[in-house]
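K.L.:
To start, I am sharing the structure in question, which I have written as structure tokens.
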Amino acid sequence: MQMPLSSGLAIGRRVICFLSVTLFFVAPFVLWAQIAGTGSIQGTVSDPSGAVIPDANVVLTSESTHVKRVSKSDASGVYAFPALPIGAYDLSVAAPGFKTSVETGIVLEVGSSIAINAHMSIGSADTQVEVHAEGLALQTEDPSFKQTIDQQDITEMPLNSSTRQITGLLTISGGSSNAPANDFTGSKYSYQTISVSIAGGQGNTTLWRLDGGDNQDYMGNGNLPFPFPDAVGQFSVESTVLGAQEGEHTGGYVNVVTRSGTNIFHGEAFEFIRNNYLDATNFYSTSPDTLHQNEYGGTFGGPIRRNKIFAFAGYQHLKADQNAAKSEAYVPTAANLAGDFSVTDGPNCEASGKAVQLVDPLTGASLVGDKYGVPGSPAVPAWNPQALALYKYLPVPNPSIDVNGCGLISYSIPSETFDNQFVTRVDYTINSKNNLYGRYFIDGFQAPAFFSPTNILITTQSGNIERVQTFTLGDADTLTPNLVNAAHVTILRRRNDRGYASNAINAASLGVNVYQFAPNGLQLSEGKFSLGCGTCAPAEFDDNTLAFDDDVTWVHGNHQLAFGGEWVQNQLNIVNVFNGNANFGFNGQYSGSGPSGGSIIGDQSLDFLEGAMSSFQQSKEQQNASRGAIPSLYVQDTYHASKRLTMVGGLRWGPNFMPVDFVNRGMEFNMADFL
């Protein structure tokens, strides 16, 4: 149901607020709101007696790019470097009358806020005291639970799926588990969209970020695709006590960062092969695996201009084909067409082990011995011409499989998957106070549907042709040593064309006089066999999103303020045939109970051959062109009340504006009319 803008604004006046207060009994520190895709390093500069040292020169240097960032400690001895790219850093602190303190090998993970305190020794600034960090710094500045999966773990952990996806690693993080998919995964969405519960949240309440930008599929609130594992630097999974900045969703927070170029050229090539020539047969399987999968690609990165501009690019191609597990169905036999149902409805073919007494579906006349054309039974009817036309597309039973003559068919639905991914990222350090980057990702996925004129049973699986493109432009500016601004612009576009094979038939192809919205696609359930499916219906799903966000962090006295907001504009266009080509059902009630129907079930194939439908459904196309805005604002304050007491409070404003249809389709609820 669509609602007009006026109603949406009324709902929007109901404000959703997020408020949290947390107490920390630890040494003083700075807590910076985390900007997606980055981390922060901060600390306090002090002398041997513990007194703070203001105006100390603090230099942070990236080990991979040699980019330097410069700051000074404030009157409280505090320095801060928010919105940092992930990686390893060296920290140098110098002040008159003290030896220069140098700490190397500081590892900063995505979403981390770590404290590196500098304890200065009295002496000449020409003398250095160097310490090398061993392991990761303890994150004590953030109450949320977070686990980071780095690049080595991503590439070395086994990903046993038809496509190597980093989302397959989410459940190895604490507090994460698979959740019921419901209606936000499947053929309407990206093949990578998953349902995961983080810290007990619902499957579609997770916040997804890629390189600091939005990566949400707003049609169902799932995730859009992420780049292949070799192109991902690391990702983190956060849960519980998320700050006001990440309060857009009630579940967890997945923060993914792609790899970046460095001052050294680096590249790699890879190929993963799976097939039944190399793989061992499953211990419990009676036949070899039919999967033939070949996945290859590579990455390359390096400097465009040393210490200033860096680039990275990666490509992966996937081709996989296999036959699905064996399926079974029962089709009308040659004996059935001759009017003989004594075998297919006899004790050897019925699950109950007892013969079923049949009647003619159109007249109700009893069939002696379940046969037409014998004394006491009506003559063999002229079968429904549309049923006979469809019968030509059904497979012929193989006597070696259908040993009892029941019409048993054993078949497999073929599966082919093709996927091409390309990602590139450019980082530009304009100066020590300004950093700009852009990342583009495209994923083209194809899983075609199949049709065979000799086996129409394989049409119960939809085909999907998908293309997803995402682009994020990020900018971080250190306006003053105490004031930093970070902004992102993100463009998301998903196109999903779903449907049957281009050579598939529809009801009109069989001579059925019913309007068909699509030239391909026949959905029929006969009880013993089925054709097509509801989620196979031809459809186009186009989901476009434009997102802007801006985050400001400001240190002012004992307060560390973070504030900002986001504006998401979503456009969803859908054309879905759904039941536009109709859905035909034959449940066998007429061959068991007669032309008036009833509870006695006879033979579904007999009802089918006579054209005695038990159900018929048809609808118009489902169409909508939704437009919706998702604005939000937040503010968060970290207040150092004393040396051992820090309080954090945040407030988030997120109004709920209902989307509206671009051409005003839908209904409007009016309370006065309702009453």
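The values are calculated or read from the model by the stated rules, or taken from the named source; none is laboratory data. The model shown is predicted, which means the values in this text are computed figures rather than measured ones. Virtual Cβ from ideal backbone geometry, glycine too; neighbours counted across all protein chains shown. Calculation scope for accessible area: heavy atoms of the full protein, side chains included, ligands and nucleic acids excluded. Shrake-Rupley method; radii C 1.70, N 1.55, O 1.52, S 1.80 Å.
K.L.:
Return the long-range amide H neighbours of Asn579 (sequence gap of 5 or more, or a different chain), with a cut-off of under 5 Å between placed amide H atoms.
P.N.:
Those lying under 5 Å, H to H, from Asn579 are Ser619.
K.L.:
Okay, next question. Which of the lysines could be linked to Lys188 by a straight reach, that is with a Cα gap under 20 Å, when you skip same-chain ones fewer than 8 residues away?
P.N.:
Lys620
K.L.:
Continuing with this model, one more query. Can you give the charge dipole size of the chain about its Cα centre, rounded to the nearest 20 debye, using +1 on the beta carbon of Lys and Arg and -1 on the beta carbon of Asp and Glu?
P.N.:
In total the dipole reaches around 760 debye.
K.L.:
Based on alpha-carbon centroids, what's the gap between the stretch 65-98 and the stretch 551-594 in Å, whole number please?
P.N.:
The distance from the Cα centre of the stretch 65-98 to that of the stretch 551-594 comes to 44 Å.
K.L.:
Using amide H atoms built in the peptide plane, which far-off residues or other-chain residues are under 5 Å from Thr460 H to H?
P.N.:
Gly532
K.L.:
Just the number, please: carbon plus sulfur as a percent of the accessible area of the stretch 257-379, 1.4 Å probe, no ligands or DNA/RNA counted. It would help to have the intermediate numbers written out before the result.
P.N.:
Numbers: 3900 of 6830 Å².
Ligands and nucleic acids excluded, carbon and sulfur reach 57 percent.
K.L.:
Let me ask something additional. Calculated from DSSP H runs of 4 or more alone, at -39500 (n - 2.57) each and per residue, what is the 222 nm mean residue ellipticity of the chain, nearest 500?
P.N.:
Roughly -1500 deg cm²/dmol at 222 nm, from the helical runs in the chain.
K.L.:
Considering the dipole of the stretch 322-370 built from charges on the beta carbon (Lys and Arg +1, Asp and Glu -1) around the Cα centre, which of Ser352, Ser366, Ala324 is farthest to its positive end?
P.N.:
Farthest towards the positive end: Ala324.
K.L.:
Over the heavy atoms of Arg627, what accessible area does a 1.4 Å probe trace out, to the nearest 10 Å²?
P.N.:
Counting only protein heavy atoms, the figure is 60 Å².
K.L.:
Next question. Provide the per-residue ³J(HN,Hα) series for the stretch 626-635, in order, calculated from phi with Karplus coefficients 6.51, -1.76, 1.60 and θ = phi - 60°, each as a whole number of Hz, with x at glycine and proline positions.
P.N.:
Working through the residues one at a time gives 7, 10, x, 10, 10, x, 7, 9, 8, 8 Hz.
K.L.:
Placing unit charges on C-beta atoms (Lys and Arg positive, Asp and Glu negative, everything else neutral), compute the dipole magnitude of the stretch 589-656 about its Cα centre in debye, rounded to 20.
P.N.:
That gives a dipole near 940 debye.
K.L.:
Within straight cross-link reach of Lys392, meaning Cα distance under 13 Å, which aspartates and glutamates are found once same-chain residues fewer than 8 apart are removed?
P.N.:
Partners within reach: none.
K.L.:
In the structure displayed, which of Lys371/Lys528; Lys146/Lys319; Lys326/Lys371; Lys99/Lys146 lie more than 25 Å apart, Cα to Cα?
P.N.:
In this structure, Lys146/Lys319; Lys326/Lys371; Lys99/Lys146 exceed 25 Å between Cα atoms.
K.L.:
What are the residues whose amide H is under 5 Å from the amide H of Thr258, where those residues sit 5 or more places off or on another chain and H is modelled from the backbone?
P.N.:
Under 5 Å from the amide H of Thr258: Asp211, Gly233.
K.L.:
Excluding ligands, DNA and RNA, what is the solvent-accessible area per residue of the chain at a probe of 1.4 Å, expressed in Å²?
P.N.:
That works out to 44 Å² for each residue.
K.L.:
On alpha carbon coordinates alone, what is the Rg over Rh value for the stretch 347-465, Rh being the Kirkwood radius?
P.N.:
Numbers: Rg = 28.9 Å, Rh = 20.7 Å.
My calculation puts Rg/Rh at 1.40.
K.L.:
Next question, about the same structure. Apply the a/c threshold of 1.5 to the C-alpha gyration tensor of the stretch 555-647 and tell me whether it is rounded, prolate or oblate.
P.N.:
Numbers: a/c = 9.19, a/b = 3.28, b/c = 2.80.
Prolate, because a/c is 1.5 or more and a/b exceeds b/c.
K.L.:
Right, next: Calculate one ³J(HN,Hα) per residue across the stretch 570-582 by plugging θ = phi - 60° into the Karplus curve 6.51 cos²θ - 1.76 cosθ + 1.60, and present them in order as whole Hz with x for glycine and proline.
P.N.:
Those phi angles translate into 10, 10, 10, 10, 10, 10, 10, 4, 6, 9, x, 8, 6 Hz.
K.L.:
Right, something else. To one decimal place, what orientation-averaged projected area in nm² is obtained for the convex hull of the Cα set of the stretch 488-559?
P.N.:
In nm², the orientation-averaged hull projection of the stretch 488-559 is 9.9.
K.L.:
Which whole-number value in Å³ per residue fits the convex hull of the alpha carbons of the chain? Can you show the working numbers first?
P.N.:
Values: hull volume 131.8 nm³, N = 675.
Hull volume normalised by residue count: 195 Å³.
K.L.:
Rg and Dmax of the stretch 515-613 over Cα atoms: what are they, in angstrom?
P.N.:
Cα-based Rg and Dmax for the stretch 515-613 come out at 27.5, 88 Å.
K.L.:
Pull out a ≥ b ≥ c, the square roots of the eigenvalues of the alpha-carbon gyration tensor of the stretch 183-312, then state rounded if a/c is under 1.5, prolate if not and a/b is larger than b/c, and oblate in the remaining case.
P.N.:
oblate
K.L.:
Also: What size of dipole, in debye to the nearest 20, comes out for the stretch 256-390 about its Cα centre when the only charges are +1 on Lys and Arg C-beta atoms and -1 on Asp and Glu C-beta atoms?
P.N.:
Once rounded to the nearest 20, the dipole reads 1020 debye.
K.L.:
With every protein chain left in place and a probe of 1.4 Å, what is the accessible surface of Tyr218, to the nearest 10 Å²?
P.N.:
Tyr218 has an accessible surface of roughly 40 Å² with all protein chains in place.
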